[in-house]
Structures are given as structure tokens and as C-alpha cells.
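K.L.:
Have a look at this one.
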Amino acid sequence: MRAIQCVEWGGPELLQLNDVASPVAKPGEVVVRTRAAGVNFPDVLIIQKKYQMQPPLPFIPGAEISGDVIAVGENVTHLAVGDPVLALCSIGGFAEEIAIEAARCVKIPPGIGYDVAAGFMLAYATSWHALVDRAALQAGETVLVLGAAGGVGLAAVEIAKAMGARVIAAASSDEKCEICRAHGADETINYSAEDLREGIKRTTGGAGPNVIYDPVGGKYAEPAFRSIGWRGRYLVIGFADGGIPALPWNLALLKGASLVGVFWGEFARREPKGQIRCMTELFGWLLAGQLKPLVSGHYQLADAPQALVDMAARKVTGKIVITP
Ligand SMILES: NC(=O)c1ccc[n+]([C@@H]2O[C@H](COP(=O)([O-])OP(=O)(O)OC[C@H]3O[C@@H](n4cnc5c(N)ncnc54)[C@H](OP(=O)(O)O)[C@@H]3O)[C@@H](O)[C@H]2O)c1
């Protein structure tokens, strides 16, 4: 089978499209023929040895997939050949086939396409865990989402709306802001054109948001935290801007505010019942039409490096997928 391999640490240009042996299902595993693989920012980091998980070389990047089960190992009871599934695999997704623990696979509900399914779990479950579980967001509260047109950002916009919140989406262009509005944002801030603090003041009447969702970090974090509302919850999601921010602690005191860490992968591992509740609620919203995931680009397997280049260059909106 064909697969994208990372054979040395570095940028996407070093990735190789190679023929490798097809996987075989060990006990407890299934083999899935990949129909689509979601692209996520950690894929950009992992090939450069900049991610918390550093697999031994060579490895196949790609953290989540959708496809059809084509082989079932011993002791697998809940899946059969032919079942359409989505799965978080961490690595191995940018390939025509993947062997994966059956327990990590979720059957795709009827009516949901492979491309939507491939990009759904990581982005939407992260944002559900952040907003529902960590921030305890209430209907009527105001949420500010930074990097709001990106993968986890747009998922946060949609989930916050589904929860009855007022959503302010902040992004780096008018085009990205327009996409956020189309996905439910009530107000937008183009932080390339308007000072972020001025934009927050304008859109919250000076009160500041109750919750801030931040997958960007870097230079936006401190100004955003300075503008948070009384008893605000600041969700630390990621650092797409590259810099890990540092905050003067007095800012938390002055607003009675909390800095709240979010690590969805660890939540799913440590709290499997919570993760089942998460996916059940998300599929419910998805099938009811309250979530409308945006898949803005499809790339052939050979073009996977270009997909990562586009993501690193902030050209991606919503999700993009590789279709082997
Ligand atoms: N905590 C968790 O459990 C968890 C789970 C999944 C992902 N994450 C993290 O969340 C972050 C976003 O992931 P994603 O898959 O949603 O990525 P994405 O689709 O590329 O979105 C990231 C957004 O960040 C903004 N950005 C600002 N500066 C950037 C820069 N220098 N390079 C790239 N983007 C920049 C961009 O929006 P603008 O152009 O509008 O600024 C972009 O849309 C990553 O740091 C990822 O590691 C965390």
C-alpha cells in the first residue's frame, strides 16, 4: 500500500510517498481502508519533533481517519468487515490502510460522509471538552474564540452556539470572519485590522467575555486575558502562533478569573465515560443539523505535504482532509 512517511525530522518537504507493507490486524485490532484522513495542526508539529509525542522514525503521520473495516483481529466483537468507522489513531492516518485498536474506532452514524467524519472527532471533542466540561459554559454567556476559522476554533464557535451562548469570533482576515458568521458567530473581530482589546470592548460593551477559547497563544494571549470579564474562564487550547505566553498573575486576581488547561487526548484516555458522553452529545447535535462541519479542502495522498504547508501558512479554514 502507499503511505506518506516521515523518515527524518523536518518540514513537510521532507515527507516521502512510499510503498510499504499492508498492515495485518493483531488481536483486538481491525484494519481500516482509509477513505479520508483529517489534517490537524499537531501533524505539522509532530514531523518537526515539536510535539509532545515523538514517535520513532520512520513513521506515518496523520492523527485521525475515517474508512471501512476490511479485516478484524481476534477478540473484536463490536466491529465487522464493511463497517464504516472513524478513529483517532495519533499517527498512521496518511496511508491507504491502517491497523488500529478496535476500541479506538467509532461507527459512523448513517448520513455522515467520510470527509466530515475524518475531521470531526479531534476538533469537536476538544472544543466540547473545553466548553462543556472545563469552562461549564452557560446559555446566555459570551464566548470569545481566537483563531476562530481554524479547525478547533470553528468547532468551538458551533458548539458554543449549540449551547446557547453569544459568540464573538476573532480571526486574521475578513474572509475568515465571514466564514465564522456563516457558522453561527454573532460578532467578529478581524485582529489583523483592529486592535484585539478594542474589538473586545466594542463587542462586549466593555464587560469582557465570560469565556475565552485560545488555540493560538503567542501575542494575542495577554491582551485577551486583560479583557476577560469578571469570573472569566480562559481556556488554554494550543499555541498555533508558536510562542507559549506568560501572564502576570495579578491579572487573574483582578478579574477573579481562572486559567483553565484543556488536554482532550488525556481526558479521553483517563475518563472514557466522559468521552462517550462527549461523542454522544456531539453526534446528536450533528445529526440534528446544529453542527455543520466545514471541509474546505480535499488533497490526494501525494499532496499531503502541501496540505501541511497550507495549514502552517494559515491558509486553511475549518477542516481539510487527505483522500487516499
Ligand atoms: N488542547 C488540546 O487538547 C488540543 C487538541 C487539538 C488541537 N490543539 C491545538 O490547537 C491549535 C489549533 O489546531 P487546529 O488543528 O485547529 O489548527 P488550524 O486549523 O491551523 O487553526 C489554527 C489557527 O491559529 C491561527 N494562527 C495564528 N497564528 C498562527 C501561525 N503562526 N500559524 C498557524 N496558525 C496560526 C490561525 O487563525 P488566524 O489566521 O485567523 O489567526 C489558524 O486558523 C494547535 O496548537 C493544536 O496543537 C489542542
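K.L.:
By the scheme Lys and Arg +1, Asp and Glu -1, what is the net charge of all other residues having a beta-carbon under 10 Å from that of Asp186?
P.N.:
Working: positive: Lys161, Arg166, Arg181; negative: Glu187.
Charge balance near Asp186 sits at +2.
K.L.:
Hey, any idea what % of the stretch 255-324's accessible area is carbon plus sulfur with a 1.4 Å probe?
P.N.:
Numbers: 1950 of 3590 Å².
Answer for the stretch 255-324 is 54 percent, counting heavy atoms of protein chains only.
K.L.:
If ligands, DNA and RNA are left out, what is the accessible area of Leu291 with a 1.4 Å probe, given in Å² to the nearest 10?
P.N.:
Only protein atoms counted, so the area is about 10 Å².
K.L.:
By the scheme Lys and Arg +1, Asp and Glu -1, what is the net charge of all other residues having a beta-carbon under 10 Å from that of Leu17?
P.N.:
Numbers: positive: Arg2; negative: Asp19, Asp303.
Residues near Leu17 contribute -1 overall.
K.L.:
So, one more: When the expected Rg is taken as 2.2 N^0.38 Å, what fraction or multiple of it is the alpha-carbon Rg of the stretch 211-254? Write out the running numbers ahead of the final one.
P.N.:
On the way: Rg = 9.9 Å, N = 44, 2.2 N^0.38 = 9.3 Å.
Taking the Cα Rg and dividing by 2.2 N^0.38 Å, one obtains 1.07.
K.L.:
Separation of the stretch 287-309 and the stretch 77-144 by C-alpha centroid, Å?
P.N.:
After rounding, the separation between the Cα centres reads 14 Å.
K.L.:
What net charge is computed for the residues neighbouring Cys177, neighbours being all others with C-beta under 13 Å from the C-beta of Cys177, Lys and Arg scored +1, Asp and Glu -1?
P.N.:
Working: positive: Lys176, Arg181; negative: Asp174, Glu175, Glu178, Asp186, Glu187, Glu194.
Neighbour charge sum, excluding Cys177 itself: -4.
K.L.:
Can you pull a Stokes-Einstein diffusion coefficient for the chain at 37 °C (0.692 mPa s), Rh from Kirkwood over Cα pairs, as a whole number of µm²/s? Could the numbers behind the result be given before it?
P.N.:
Working: Rh = 20.1 Å.
Translational D for this selection: 164 µm²/s.
K.L.:
As an exercise, take the mean of 1/r over every pair of distinct alpha carbons in the stretch 222-296, invert it, and state the Kirkwood radius in angstroms. Don't skip to the end; give the middle numbers.
P.N.:
On the way: mean 1/r = 0.0656 Å⁻¹.
Evaluated over the stretch 222-296, this radius sits at 15.3 Å.
K.L.:
Another question about this same structure. Checking the cross-link filter: which lysines have an alpha carbon closer than 24 Å to that of Lys201, excluding same-chain neighbours under 8 positions apart?
P.N.:
Within the straight-line limit of under 24 Å, Lys201 reaches these lysines: Lys161, Lys176, Lys219, Lys255.
K.L.:
Consider just the alpha-carbon atoms of the stretch 122-265 and return their Rg together with their Dmax, both in angstrom.
P.N.:
13.2, 37
K.L.:
Now for a different question. What trypsin sites (Lys or Arg not before Pro) does the stretch 235-324 have in DSSP loop regions with at most 12 other beta carbons within 10 Å? Intermediate results must be reported in sequence, preceding the final value.
P.N.:
On the way: sites: Lys255, Arg269, Arg270, Lys273, Arg277, Arg314, Lys315, Lys319; in loops: Arg314, Lys315.
For trypsin sites (Lys or Arg not before Pro) across the stretch 235-324 that sit outside H, G, I, E and B with at most 12 neighbouring Cβ atoms in 10 Å, the list reads Lys315.
K.L.:
Ok, one more. Largest first, what is the accessible-area ranking of Trp285, Trp230 with a 1.4 Å probe? Write down the numbers at each step before the final one.
P.N.:
Numbers: Trp285 30, Trp230 165 Å².
Of Trp285, Trp230, the descending order of accessible area is Trp230, Trp285.
K.L.:
Additional query: Can you list the trypsin sites (Lys or Arg not before Pro) in the stretch 1-95 that are in a DSSP coil and have 15 or fewer other beta carbons within 10 angstrom? Show your work: numbers first, answer last.
P.N.:
Working: sites: Arg2, Arg33, Arg35, Lys49, Lys50; in loops: Lys49, Lys50.
Loop-located and lightly packed - Lys49, Lys50.
K.L.:
Can I ask one more? Per residue, how much accessible surface does the chain expose to a 1.4 Å probe? Answer in Å², no decimals. Could the numbers behind the result be given before it?
P.N.:
Working: 13900 Å² over 324 residues.
Value returned for the chain: 43 Å² of accessible area per residue.
K.L.:
Taking a 1.4 Å probe, which of His183, His129, His78 shows the most accessible area, and what order do the others take after it? Mind dumping the intermediate values first?
P.N.:
Working: His183 35, His129 10, His78 90 Å².
Largest accessible area first, the residues go His78, His183, His129.
K.L.:
Probe radius 1.4 Å, ligands and nucleic acids left out: which of Tyr51, Tyr220 has the largest accessible area, and how do the rest follow? If you can, show how the numbers build up before the last one.
P.N.:
Values: Tyr51 60, Tyr220 25 Å².
So the residues, ranked largest to smallest area, are Tyr51, Tyr220.
The values are calculated or read from the model by the stated rules, or taken from the named source; none is laboratory data. A quick note: this is a predicted structure, and the numbers were derived from the prediction, not measured. A quick note on method: Cβ atoms are made from the backbone with ideal geometry, for glycine too, and the neighbour counts reach across all protein chains shown. Calculation scope for accessible area: heavy atoms of the full protein, side chains included, ligands and nucleic acids excluded. Shrake-Rupley method; radii C 1.70, N 1.55, O 1.52, S 1.80 Å.
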